[in-house]
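Read-outs throughout are calculated quantities, based only on the coordinates presented, and are distinct from any laboratory measurement. Please read all numbers here as calculations on a predicted model, not as lab measurements. Note that each Cβ is placed from the backbone with ideal geometry, even for glycine, and that neighbours are counted across all protein chains shown.
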Amino acid sequence: MLRYNFTRIFKAKAIDRPFTFLRKAGFSESFASKVKNNRVNRLNLDLLERLCICIGCTPNDFMEYTPRNESIPANHPLNELRRTEKVFDLTRELNSLPLSTLEEVEQLIKSRKE
């Protein structure tokens, strides 16, 4: 079953208040509430594109796949959307690191950008 999981990307992007973030980005209260609470079943392409632009991600970042009863081959492209990992709160993890390690992380990020 395919579904949207917005919580995952909000945590990864350190967006603590998704509703406020989306309202400031110009989305309606109703839509922002549905996204914040993962109650979106259908999403038109214009809204999906706006979300991707304002959050800085791709549509695949919002989606996750959980197989139903049917079995699909291990090399099936839908398997790329399986999300077995726990939602990672990057901000909390970074705040728990010692300063020396944060400097290493900063250097790693700088080198990856180049």
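Each Lys and Arg adds +1 at its Cβ and each Asp and Glu adds -1 at its Cβ; summed about the Cα centre, segment 2-85 shows a dipole of about 360 debye. Working ranking of peptides 1-7, 74-80, 61-67 by packing, defined as the average number of other Cβ atoms within 10 Å per residue, highest first, is 61-67, 1-7, 74-80. Computing FRET efficiency as 1/(1 + (r/R0)^6) for R82 and C57, where r is the C-beta to C-beta distance and R0 is 22 Å, gives about 0.80. Inter-part distance, segment 22-47 to segment 55-114, computed on C-alpha centroids, equals 22 Å.
Length gained on full extension, K24 to E64: 11.8 nm, using 0.36 nm per residue less the C-alpha separation. Among L102, L45, L81, the largest mean-square fluctuation in a Gaussian network model of the chain, built with springs joining Cα atoms closer than 10 Å, belongs to L102.
Farthest toward the positive end of the dipole of the chain, out of N95, P77, L51, is the Cα of L51, where the dipole comes from beta carbon charges about the Cα centre.
When Rg/Rh (Cα atoms, Kirkwood Rh) is calculated for this entry, the matching label among [x] 1.01; [y] 1.03; [z] 0.96 is [y].
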